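In what follows, a single structure is set out as C-alpha cells and then discussed.
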Amino acid sequence: MNADLGKEFPDMGVNDRNHAEKSTGMILASRAGHTLVEIAVAICVVGIVAGIGFGVFQDRVATFRMLYVARMLHSDLVLTRSLAIDANREARVHFLSADVDMDPSDLSHGAWDLQLGNRGSGSTQWDTLPADLEGVVDVSQGERSLEEGGAQESRWVSLAEWSTLEDDSITFTPRGWVGNQGSDFVSGEIELKVVNKRALADGTDQHVTITVSRSGFARMAAVTQ
C-alpha cells in the first residue's frame, strides 16, 4: 500500500503515506460498516412487508374460500333440482348443521346432504347420493361438510343458521318447483347465507346470500358491509 501511494504521490513523505493509508483503511472499514447496517435495515423492512403481505394473503384466502363454498352450495341446489326432474321423484338438500353463534374464534360450521326421495311427493325414504342399488349404502357423492376434518373443510367459512325450513331441507318436486311450505319463504324466496368469519373477526360483514325462489331457481349475491 505504501509503495502504491509513493508511486502515485512521489512528493509524499513516509509519515504522510502512513497517515493516508490509515485514513483510507478507516474509510473502507466505515463503508463496510454502513453496508452491514443497510443490510440489517433492508432485512427488517422485508420482514415487515412480508408480515403485512401474509395478512393480506390470509384475507384473500378466506374470501376465496367463502366464494368457493357459496358456489358449491349453489351448484348443489341446481343439481338437486335437475335430479328431481330427471328421476321424476322428490330430491332435496338436507341441512345438518349451521353456525348458530357466529363466534369468530370458532372457525367453521356447516354441513348438508344431497338426497333423492322414493316418491314424486310425500317421500318416506331419502337416499343420500349417489342413488344406490337395493341393499348398497354409498354416500360418497352427496355429503358436504365444512367442519374441521370434513370433506370440504373450509377454515374461516360458515353456513349461517337458516330461518324456518320444513325438515331442515329445500325439497324440489319432479316439476322443478320447491315443495316447501309457504312459511319457509320470505318475500317469495328461501334465503341461505355463507359467511367469511375472518372478515367478521375484523368487524366486517362479508357474506354471500343464496336465494331460492318458489319456481326452484337459485341466485347468488355477494355482500360486504
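The values are calculated or read from the model by the stated rules, or taken from the named source; none is laboratory data. On a predicted model such as this, the values are computed, not experimentally measured, just so you know. Note that we place each Cβ from the backbone using ideal geometry, even for glycine, and neighbour counts take in every protein chain shown.
Does any residue in the stretch 89-111 that is more than 16 Å from Q141 (Cβ to Cβ) come within less than 9 Å, Cβ to Cβ, of a residue that is of a type in the set (V, I, T) and assigned to a loop (DSSP other than H, G, I, E, B) six or more places away or on a different chain, and which pairs are these?
These pairs meet every condition: E90/T173; H109/V100.
Determine, yes or no, whether F64 is out of contact with any helix residue (DSSP H, G or I) (no Cβ under 6 Å at 6 or more places or on another chain), of a type in the set (F, W, Y) and either modelled with pLDDT of 90 or more or more than 23 Å from F172 (Cα to Cα) (or both).
Yes; evaluated as a whole, the condition is true for this residue.
Answer yes or no as to whether E166 is at negative phi and at pLDDT below 90.
Judged against the criteria, E166 is a match.
Taking the stretch 96-153 only, how many residues are of a type in the set (D, E, K, R) and either more than 21 Å from the chain's Cα centre (by Cα) or over 30 Å from D202 (Cα atoms) (or both)?
Residues meeting the conditions: 7.
Please list, ordered by first then second residue, the pairs with beta carbon atoms under 6 Å, 6 or more apart or interchain, first in the stretch 203-215 and more than 25 Å from R175 (Cβ to Cβ), second hydroxyl-bearing (S, T, Y) and in a strand (DSSP E or B).
From the stretch 203-215, the pairs are Q206/T224.
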